[in-house]
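The values are calculated or read from the model by the stated rules, or taken from the named source; none is laboratory data. Please read these numbers as outputs of a predicted model, since none were measured by experiment. Note that each Cβ is placed from the backbone with ideal geometry, even for glycine, and that neighbours are counted across all protein chains shown.
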Amino acid sequence: MLVVLLLVCLTIFTMLRLVPGDAAELLVPEDATPEDVARLREQWGLGQPIFVQFLHFVVNAVRLDFGVSYRFRDDVTHLIGQRIGATLELAAVALLIAIVVGLVFGIWAALRKGTLVDGILSVLSIAGVSAPHFWIGIMLVLLFSANLNLLPSGGRLPYGIDIPHVTGLLIPDALLSGRPDLAWIALQYVVLPATTLAFGMIGIIARITRSSMIDAGQEEFVFTAVAKGLSVPAVVFRHLLPNALIPIVTIIGLELGGLISGSIIVEVVFSWPGIGTLLFQAVSVRDIPLTIGIVVVYTSLFILLNVLVDLLYMAIDPRLRTKGAL
Amino acid sequence: MQWFDLKLWLGALCLGAVVFLAVFGNLLTSHRPDEQNLMVSLEPPNLLSDYPLGTDQLGRDILARMVSGARVSLAIAASVVVLSGGFGLLLGALSGYFGGVRDTIIQKVVETMWAFPPILLAITILAFFGQSLGNVILALSIQRWIPYCRIARAQALTLRGKDFVSASRIMGGRTVWIMSHHIVPNLIASAIVVGTFSMATAILAEASLSFLGIGVPPDIATYGGMLADGRSYVTEAWWLAVIPGLGIFFTVLGLNLIGDALRDQYDPKSHLNIG
Amino acid sequence: MGPNAKNGIKTNNGTATEGTYMRGIRRGWMVSAALVAALVQSFPARAADKVLTITSQSTITMVNPYGESETQMYFIWCEVYGCLGRLDYIKKKYVGMLAEKWEVINPTTWRFTLRKDLKRHDGGPGPTSRDIVHSWKRIMTDPDSAQRYMLFEIKEIVAVDDYTFDIVTLKPTGQVVSDLFSQFAITSADLYEKYGKDADKTHPFGWGPFKLDDFAVDNRIVLKKSDLWPEKRPQAPDVVVYRQMREPEQRVTAVLNNEVQVARLVPPQLVARLKNRPDVKVVETGSVELMFLAFSPVAKPWDDVRVRQAAAYAINRDVIIKRLLLGYADKLEGALGPNQFCYAGPSKAAIGYDPQKAKALLAEAGYKNGGPEIEFYTSTGRYISDRQVSEAIAQMLSQVGFKVRLVTPEWANLWADVRNGKTPMYYMGRGQVADPSIALSQYFETGVSPRIKYSNPQVDAMFEKVRSTFDPEERCKHIREVADKLATDVPAHFLWTHRLINGVRANVTWPQDPTGEAWLLDVKMQ
């Protein structure tokens, strides 16, 4: 896994150093002398051979030092650190919404298999993955914010609301500090972007829940449970769902990539102050240190999440545990 | 079987409409997509008029621009699928067939490229290397070959041990022949399913890139670009944002329905492999 | 199979159990619906402080007050650190801020006297000449500084005593005050010596009427009213937040929801949403930002004056203003606009719309069968409808024969390229131009900046005259002469000034300042 991370860094690093044009010239003031440009170039080590630069980069990256952003003239790690909480919270809330709503729809469709409701839900779930995130976001804002005035149009918090910083995730922080009212406010701001991000995933989870529940419903042990007189909710929650968990976790694992890349677009559409909007700012002006830093962070996150999913697998599927597979 | 038919036909209908638009667009409207006429700007859609889908803020015919958008989306998506598919299948087959060090190296490359979240690389490439049609296709293909590689490799691995392959080898059959006659034909079904879904995501990705402004050069009309422009007009001229959105939606919906139907029919377990 | 089988799950209790379950589901929906309904909430009640949130179109980047050259940031740093003085665009006069008096001692020396009644935000002493000298030196030497151009005429700054100093210029120049006011922010020498550049972040203490409370890159800036400022304005807001919102429709939605109180730079197509609302009003002003097309005469084909004139004749500004900008722009005839000093009416030399003449000129210049190939650079999202305007202009140019390739880089890239003279033709605005001579000189005087690389000895001589004239009336006359000469030579074609449309909450009085910024103490909130 670390090898992959290293290769990832090498890939992105080489790619960016191959870019035509000179980053140093881009951001010097207009009456900069060639000496100024040269000094800037030395400051960022742009003159040395790529291999040496990469070595420096890796050594620094291990210490979490990605250099200074060209555009914001601030420490890259600091910039990312300030904003990563927002991205994580958005993704977490989106995942939560997708799982909860997806499960509900999936169970409902399974119970109503073959009826109109099932058909509608099936179509809706395919439709959900067919619409681009930015369109859904624009439409949701139009409906809930512009027309109904129910929810804010963007951003993360209004001025004047200060939530003590514990984890960087606003809702947990507010709850931990005993301020559920502030958590409520933060929730209003995250609901639209998170729903936009979750849209496609709801459909996918619903479908997989439905089909695995139907599959599981054919199993012997279910007949036994029903014959023993268990009520429907009990059957659903005690027997069917646990068996449906494995495919659901699989799907979540497969959708993680989409979650992360979708979050970039959703952040831009909603001006959500996470590292997605920061990435956009960085690539717009070819800010190499910041771009590399963010790409490495995203990729590490992705790898980490995949590992977590694998661990989750082991936890819920006893069969895997005995095999000792990872 | 009934459901399969319904999905397939529905999907074919949606996709077919878009393909029709792309291919026969010139017959539907006499305007060019970049033809401006400020005097008729912001006309609402009116099926009987010269501008059936209305005009945008520069007086350009929306129908003509939708035709252009359809062409761009389909052309880019098809190129991406062909390029990534061809490359991925070939690489995967070779990797599985040869095994050993070559296989390990290729798999490491696969793992590395797979570790990047999807659109991230595309954004970075286009922002740093410039926006051109070629770069867009490259940026979208750069990770899409991996699923094909996986299924091809799996197939190659299973076939490697089989008798008839060993027999071919003994008889002096060349690698290429073996691959094209044994390995590849068994992949067609899976590859088509993967390809259909891959095309759908490629269209969504291209639209997102155009929306962000780093897709195809802006003088070409694209769905995403039209949506980005139309965004601020959404209360005054709803058709500027809604129509291109529907364009993307129906194209992708069609592909997803077809892909779903094909998968149900030919490859039911594969949804756990595609990703 | 029985009627229950269609649920996919066989139960032996059939309808009764299912009914319970479905009731449970329905209850679930009702609870969720109630939750959603509870989200119908007005936004959090404001604290006792009066908070004014204003939208910012541009990206908030550096906390270094000398790191950007941009109207909004100049205004903000003047409010926080303090500038020598500012230009009151509404009353059209120069008002002292840190300086209380200034006079010309001899043609190359201006003497300024600082106020003595100011205190620094952390309780430290008021501004002294030492701080002025320090600020000047920092702007000229800080590698991140983007403001050197405004001080390039200064030879040195000499402290006469603690509160008096002289600005000595290289050549006699009548525009020292216009160069410096509303732009030259003064930072503390003491704090810089103690903390270095970190002072910008950790000790951003100045002498202005507002303190810097929070600076979140790419997000927002928060200012708090300072009690130490002598002039008390109880009606002005206590807290001012500049919130970055790059999307225009988001700005409008936000002001309608009271998420922000002032939405600036509203594009014409969104104005309708602001009308007919009792809680929001539209505040419209003219602008001092000149929108123009630049043609660099050192690059082909713009080296031929006929080609430049042809491009100018090709453009139908009226139809763009009417149909694309929906009437929200004022056409410029010549390099001076009605909101600027020295404006005396439209310039008779300005070029109008005449596509036939354009074609004829191109033919004369040797492009009878298809015109020159050109690259046209423009920004996207920096100015109102900039890309659409450029697309319309590009088409008008093609209609007379030019072969146009439209290039749309991100603003920061474009601005850097323009500043370094790498873009032969572009669409841009020049803001803060109450005194036009500065901007005109920046673009059209030889050697001042490579933005257009126009070089005409006649015009240079005129600029000299402008600079060395101290009598305002005389200066204006010379400036108008420069403008007329530029109109025929067309190194740039001046198009229009946008009307600045602001969506403002009904309980806020927003001054109608043609820069689009406001002296925050003049803002009134109820």
Log entry, pairs with first residue in the stretch B:239-255 being within 8 Å of chain A (Cβ to nearest Cβ), second being charged (D, E, K, R), beta carbons closer than 7 Å, six or more apart or on different chains, reads B:Ala241/B:Arg231
Restricting the search to the stretch C:55-96, which residues are closer than 19 Å to C:Leu180 by Cβ and part of a strand (DSSP E or B)? C:Cys83, C:Gly85, C:Arg86, C:Leu87, C:Asp88, C:Lys93, C:Tyr94, C:Val95, C:Gly96
Of the listed residues (C:Phe402, C:Phe376), the one being in contact with a strand residue (DSSP E or B) (Cβ under 6 Å, 6 or more places away or on another chain), within 25 Å of C:Val319 (Cα to Cα), within 14 Å of another protein chain (Cβ to nearest Cβ) and of a type in the set (Phe, Trp, Tyr) is C:Phe376
Being aliphatic (A, V, I, L, M), surrounded by fewer than 18 Cβ atoms within 10 Å (Cβ to Cβ) and farther than 22 Å from C:Ala439 by Cα is the filter here, so list the residues in the stretch C:340-382 that pass it. C:Ala360, C:Ala363
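I'd like the residue in the stretch A:259-284 that is of a type in the set (Val, Ile, Thr) and at the interface with chain B (Cβ under 9 Å from one of its Cβ atoms) and, out of all such residues, is farthest from A:Ile204 (Cα to Cα).
By that ranking, first place goes to A:Val283.
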List pairs: first in the stretch A:157-171 and free of Cβ contacts under 8 Å to residues at least 12 places away in the same chain, second in a helix (DSSP H, G or I) and of a type in the set (D, E, K, R), Cβ under 6 Å, 6+ apart or cross-chain? A:Val166/A:Asp173
Take the residues of the stretch B:1-20 that are free of Cβ contacts under 8 Å to residues at least 60 places away in the same chain and either polar (S, T, N, Q) or under 27 Å from B:Ala75 (Cβ atoms) (or both): which is surrounded by the fewest Cβ atoms within 10 Å (Cβ to Cβ)? B:Gln2
Scanning the stretch B:21-69 for residues that are within 14 Å of chain C (Cβ to nearest Cβ) and part of a helix (DSSP H, G or I), which turns out surrounded by the most Cβ atoms within 10 Å (Cβ to Cβ)? B:Arg65
Is there a residue in the stretch C:321-339 that is within 14 Å of another protein chain (Cβ to nearest Cβ), surrounded by fewer than 19 Cβ atoms within 10 Å (Cβ to Cβ) and without any contact (Cβ under 8 Å) to a residue 40 or more places away in the chain? yes
Across the stretch C:134-148, which residue is nearest to C:Glu464 (Cα to Cα) among those that are at pLDDT below 90 and touching a helix residue (DSSP H, G or I) at 6+ places or on another chain (Cβ under 7 Å)? C:Arg148
Qualifying helices (runs of 4 or more DSSP H) (wholly inside the stretch C:357-458; at least 3 residues being polar (S, T, N, Q)): C:386-399, C:436-444
If you check A:Arg319, A:Arg286, which single one turns out to be modelled with pLDDT under 80 and farther than 30 Å from A:Leu10 by Cβ? A:Arg319
When the residues of the stretch A:76-104 are filtered to those that are surrounded by fewer than 18 Cβ atoms within 10 Å (Cβ to Cβ) and farther than 30 Å from A:Ile248 by Cα, which remaining residue is farthest from the other protein chains (Cβ to nearest Cβ)? A:Gly81
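Tell me which residues, restricted to the stretch C:491-526, are polar (S, T, N, Q) and either surrounded by fewer than 22 Cβ atoms within 10 Å (Cβ to Cβ) or over 18 Å from C:Gln57 (Cβ atoms) (or both).
C:Asn507, C:Thr509, C:Gln512, C:Gln526 - these are the residues of the stretch C:491-526 that are polar (S, T, N, Q) and either surrounded by fewer than 22 Cβ atoms within 10 Å (Cβ to Cβ) or over 18 Å from C:Gln57 (Cβ atoms) (or both).
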Note: among C:Val305, C:Val271, C:Val240, C:Val283, just one is touching a residue at least 12 places away in the same chain (Cβ under 8 Å), among the aliphatic types (A, V, I, L, M) and in contact with a Lys or Arg (Cβ under 9 Å, 6 or more places away or on another chain), namely C:Val240
Considering only the stretch C:158-168, I want to know if a residue exists there that is touching a residue at least 24 places away in the same chain (Cβ under 8 Å), at positive phi and not acidic (Asp, Glu). no
Residue, farthest from B:Glu206 (Cα to Cα), within the stretch A:105-129, restricted to residues that are without any contact (Cβ under 8 Å) to a residue 60 or more places away in the chain and more than 14 Å from chain C (Cβ to nearest Cβ): A:Ile120
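Yes or no: A:Ile97 within 15 Å of A:Val191 (Cβ to Cβ) and modelled with pLDDT of 85 or more?
So A:Ile97 fits the description; yes.
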In the stretch C:218-232, which residue that is more than 16 Å from C:Met62 (Cβ to Cβ) and among the basic types (Lys, Arg) is surrounded by the fewest Cβ atoms within 10 Å (Cβ to Cβ)? C:Lys232
Could we say that C:Ala272 is surrounded by fewer than 21 Cβ atoms within 10 Å (Cβ to Cβ) and closer than 24 Å to C:Leu326 by Cα here? yes
Would you call C:Arg419 surrounded by fewer than 22 Cβ atoms within 10 Å (Cβ to Cβ) and more than 18 Å from the chain's Cα centre (by Cα)? no
Looking at the stretch C:242-256, is at least one residue polar (S, T, N, Q), surrounded by fewer than 19 Cβ atoms within 10 Å (Cβ to Cβ) and within 14 Å of another protein chain (Cβ to nearest Cβ)? no
